[in-house]
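Participant: One structure coming up, written as structure tokens, with questions to follow.
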Ligand code: SF4
Ligand code: SF4
Ligand code: SF4
């Protein structure tokens with residue numbers, strides 16, 4: 001059963017309890033100055049952003065077919081069976097391709113460290129793995145961040161939209177985005193107005209590179225045959241000359 | 001005047017290297033944040049865009065000429081294979097040096113050897129670059145063997161040369177194109193003037209043209225540096241091939257832009273259309289020049305054209321990897337002086353080592369004559385006068 005998080009912007013009161021809980025979990029410093037930073041960074045893995053009266057939340061979307069995991073040359077990122085996309089810092093060599101590839105600009109880097117690592121939300125994998133609830137969900141006093149099964153949360157989100165059509169923009173962010181994510185968002189207005197990028201593709205991204213990579217074995221086989229063949233043809237004249245004893 | 005000139009270049013070189021060393025210290029002591037303008041929004045900059053992407057492309061002459069001479073058996077070009085292979089070998093070594101600067105944990109550069117992810121383009125590029133650098137080393141070894149008169153080793157290596165060359169061509173085909181595939185995962189980030197499903201093919205074809213251009217470029221320079229006769233009839237013929245390869249590339253590029261409807265974005269104001277214009281002019285002008293008999297007759301004109309084309313190539317690679325990504329990232333990236341200092345030092349180091357190698361190794365010498373193995377060879381020593389003709 002794939003785990004998921006549903007964030008409902010209409011319920012969020014902007015108290016930033018989720019931020020603080022997350023920082024505690026990662027043993028990261030948290031104070032007023034950090035609370036005021038409305039972007040995620042290597043020392044703040046989730047951020048509440050203000051848009052006038054409304055709030056939105058930024059965290060890793062935990063894509064079902066994550067671009068970050070597909071591009072990592074050493075497999076330092078992978079999606080677990082339960083849904084969370086996790087990072088193994090011992091493998092990472094710091095190429096930062098995951099950051100370049102993520103459609104949501106989620107992975108962040110410890111730019112100031114001499115031996116840096118990538119930082120990103122892991123959906124509290126240690127807790128969610130055994131069916132638990134994320135720290136941020138647990139800390140939320142307004143019930144704006146729920147943890148649960150993805151199908152149940154989608155059903156719940158649909159129900160909310162159906163029951164209070166006036167309060168919701170009738171779409172769930174995360175159902176189609178990059179082929180589906182485990183983090184789902186609800187809002188009162190179109191998601192562009194909540195700081196989410198409009199042109200995030202609807203299909204899963206790893207297929208795009210796979211289209212090219214899948215040709216590698218063919219290129220190797222065809223290339224060898226072609227080069228060998230050309231060599232055979234182009235050196236034929238010399239062979240003949242040699243056999244006939246001509247220079 | 002003469003004294004001034006003899007001091008000027010060594011002084012420039014020493015300053016560049018000193019700047020690079022200081023920047024290297026800042027990079028490895030204080031980390032990437034202090035030594036670059038990279039951010040979470042813009043994780044790749046000059047070191048990836050220029051040092052790695054352009055570096056690999058500029059070193060493409062090695063496989064192009066190896067294929068022309070050893071596989072297609074067009075012997076006319078034989079005298080310029082060695083300089084091309086030397087350039088390529090140095091080029092790849094320098095790319096690895098640049099990577100060591102850019103990787104957050106350079107000492108883990110070997111990780112892809114044992115930690116596999118075959119779905120990753122970078123995994124494939126890493127393997128290909130590693131294997132191809134080994135191939136280039138093997139292709140470069142004959143120069144060393146010849147210099148030290150190791151004719152036995154020379155003959156053994158020669159026996160394996162064909163599979164080595166074929167392997168080199170295949171590996172190059174794979175990673176030259178895969179460098180383009182790296183950006184296939186960013187359809188929403190890369191500007192439509194540069195994002196295309198054809199990126200791998202475009203990268204491959206432009207790398208071939210660039211390999212040829214670099215060969216002309218370095219022949220011209222080493223002719224001056226070593227007071228040698230420029231292999232001009234050869235260069236003239238190569239210029240024709242170069243003109244055609246640029247034409248093939250440009251045609252593909254514009255057909256692709258046309259079919260994707262990307263040319264319509266030229267109406268939108270912004271820096272992108274000017275960069276696109278720059279890139280196009282820097283490639284189209286030399287192409288038209290090379291198609292004219294009068295240009296090909298004039299070494300200076302050929303040289304100017306080649307430099308323009310190389311700049312056009314660099315502009316394209318930087319547009320794909322840096323400037324074309326800026327608009328969507330929401331930040332603007334200008335390299336920090338340390339990034340430039342490291343890059344300049346790497347380029348200067350490349351020139352310096354090339355000169356050193358060209359001076360001491362039989363780079364411009366003849367290879368042993370083709371008939372050598374069929375001649376009655378009495379002993380290893382008998383070959384030596386022939387083998388060392390290069391010096
Ligand atoms: S949002 Fe980005 S970092 Fe998170 S799983 Fe998806 S691709 Fe990876
Ligand atoms: S930075 Fe680390 S985790 Fe990200 S792609 Fe590179 S090796 Fe993988
Ligand atoms: S799921 Fe865990 S790691 Fe992710 S934002 Fe919430 S508390 Fe932080």
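Derivation of every value follows stated rules applied to the coordinates shown; laboratory data play no part. If you're wondering where the values come from, they're calculated on a predicted model, not measured in any experiment. Note that we place each Cβ from the backbone using ideal geometry, even for glycine, and neighbour counts take in every protein chain shown.
Participant: If you take the C-alpha gyration tensor of segment B:15-365, multiply each eigenvalue by 5 and take the square root, what semi-axes do you get, largest first, in whole Å? All intermediate terms of the calculation are to be shown ahead of the outcome.
Facilitator: Values: eigenvalues 195, 134, 80 Å².
Semi-axis lengths for segment B:15-365 are 31, 26, 20 Å.
Participant: Arrange the following residues from fewest to most other Cβ atoms within 10 Å of their Cβ: A:120, B:149. Intermediate results must be reported in sequence, preceding the final value.
Facilitator: On the way: A:120 24, B:149 15.
The most exposed by this proxy come first: B:149, A:120.
Participant: Evaluate E = 1/(1 + (r/R0)^6) for residue B:131 and residue B:158, where r is the Cβ-Cβ distance and R0 equals 22 Å; express this FRET efficiency to the nearest 0.05. Before the final figure, lay out each step's value.
Facilitator: On the way: r = 20 Å, r/R0 = 0.93.
The calculated FRET efficiency here is 0.60.
Participant: What angle, in degrees between 0 and 90 and rounded to the nearest 10, separates the Cα long axis of helix A:216-234 from the longest principal axis of the Cα atoms of chain A?
Facilitator: For helix A:216-234, the angle is close to 20 degrees.
Participant: Related question: Arrange B:268, A:128 by Cβ neighbour counts within 10 Å, fewest through most, would you?
Facilitator: Working: B:268 9, A:128 25.
Least crowded to most crowded, the residues run B:268, A:128.
Participant: Taking just the C-alpha trace of segment A:1-60, give me its Rg and Dmax in Å.
Facilitator: When restricted to the Cα atoms of segment A:1-60, Rg and Dmax are 11.8, 39 Å.
Participant: Which of A:61, B:122 comes first, and how do the rest follow, when ranked by fewest Cβ neighbours within 10 Å? Show your work: numbers first, answer last.
Facilitator: Values: A:61 27, B:122 24.
By the 10 Å Cβ count, ascending: B:122, A:61.
Participant: Report the far tail of the P(r) of the protein assembly as shown, meaning the percent of Cα-Cα pairs longer than 50 Å.
Facilitator: Working: 41630 of 203203 pairs.
For the protein assembly as shown, the fraction of Cα-Cα distances above 50 Å is 20 percent.
Participant: Considering every residue in A:61-73, what mean count of other chain Cβ atoms within 10 Å of its Cβ is obtained?
Facilitator: Values: counts 0, 0, 0, 0, 0, 0, 2, 1, 3, 5, 9, 7, 14.
Mean shielding by partner chains, rounded to a whole number: 3.
Participant: Rounded to the nearest 0.05, what FRET efficiency do residue A:218 and residue B:252 give with R0 = 25 Å and r taken as the Cβ-Cβ distance? Could you check?
Facilitator: So the FRET efficiency works out to roughly 0.80.
Participant: By average Cβ neighbour count within 10 Å, what is the ranking of B:29-38, B:355-364, B:56-65 from highest down?
Facilitator: B:56-65, B:29-38, B:355-364
Participant: Would you mind checking the tilt of helix B:81-102 against the longest principal axis of the Cα atoms of chain B, expressed as 0 to 90 degrees and rounded to 10?
Facilitator: 40 degrees
Participant: Given all pairs of different Cα atoms, what value in angstroms does the Kirkwood hydrodynamic radius of segment B:73-174 take? Mind showing how you got there, number by number?
Facilitator: Values: mean 1/r = 0.0652 Å⁻¹.
So the Kirkwood estimate lands at 15.3 Å.
Participant: Next question, about the same structure. How large is Rg over Rh for segment B:215-271, taking Rg from the Cα atoms and Rh as the Kirkwood inverse mean of 1/r across Cα pairs?
Facilitator: On the way: Rg = 18.5 Å, Rh = 14.3 Å.
Looking at segment B:215-271, the ratio lands at 1.29.
Participant: With angles folded into 0 to 90 degrees, how steeply does helix B:232-260 sit against the dominant principal axis of chain B? Use alpha carbons for both and round to 10.
Facilitator: It works out to around 30 degrees.
Participant: Averaged over A:204-212, how many beta carbons belonging to a partner chain fall within 10 Å of each residue's beta carbon? Display every interim value, and only then the final one.
Facilitator: Details: counts 0, 5, 4, 2, 7, 13, 6, 4, 13.
That works out to 6 on average.
Participant: Each label point is 7 Å from the Cα along the Cα-to-Cβ direction; what then is the distance between the points at residue A:197 and residue B:297, in nm?
Facilitator: With each label point 7 Å from Cα toward Cβ, the separation is 5.5 nm.
Participant: With each run of n ≥ 4 DSSP H residues scored as -39500 (n - 2.57), what mean residue ellipticity at 222 nm is computed for chain B after dividing by its residue count and rounding to the nearest 500 deg cm²/dmol? Before the final figure, lay out each step's value.
Facilitator: Numbers: 17 runs with 265 residues, N = 391.
That calculation yields -22500 deg cm²/dmol at 222 nm.
Participant: Still on this structure: Evaluate the Kirkwood expression for the hydrodynamic radius of segment B:1-152, namely the inverse of the mean inverse distance over all pairs of different C-alpha atoms, and round to one decimal in Å.
Facilitator: On the way: mean 1/r = 0.0545 Å⁻¹.
After inverting the mean inverse Cα-Cα distance, the result is 18.3 Å.
Participant: What order do you get for A:187-197, A:202-212 when each peptide is scored by the mean count of other beta carbon atoms within 10 Å, highest first?
Facilitator: Values: A:187-197: 16.6, A:202-212: 18.5.
Top of the packing list down: A:202-212, A:187-197.
Participant: Taking 41 Å as R0, compute the FRET efficiency from the Cβ-Cβ separation of residue A:226 and residue B:12 and round it to 0.05. Please list the in-between numbers first.
Facilitator: On the way: r = 45 Å, r/R0 = 1.11.
Between residue A:226 and residue B:12 the formula returns 0.35.
Participant: Direction-averaged shadow area of the convex hull around the Cα atoms of segment A:3-203, nm²?
Facilitator: Working: hull surface 43.5 nm².
For the Cα atoms of segment A:3-203, the hull's average projected area reads 10.9 nm².
Participant: Regarding segment A:117-247, what whole-number volume in Å³ per residue does the convex hull of its Cα atoms give?
Facilitator: Working: hull volume 30.0 nm³, N = 131.
Taking the convex hull of the Cα positions in segment A:117-247, it is 229 Å³ per residue.
Participant: Based on C-alpha coordinates, I'd like the Rg and Dmax of segment A:71-181, in Å.
Facilitator: When restricted to Cα atoms, segment A:71-181 yields Rg and Dmax of 16.7, 53 Å.
Participant: Along Cα→Cβ, 7 Å out, is where each label goes; now give me the distance between the ones at residue B:113 and residue A:142 in nm to one decimal.
Facilitator: Each label point is offset 7 Å from its Cα along the Cβ direction, giving 5.4 nm.
Participant: While we're here: When Cβ neighbours within 10 Å are restricted to other protein chains, what is their mean count per residue of peptide B:103-113?
Facilitator: On the way: counts 5, 14, 10, 3, 2, 9, 3, 2, 9, 7, 1.
Average neighbour count from other chains, rounded to a whole number: 6.
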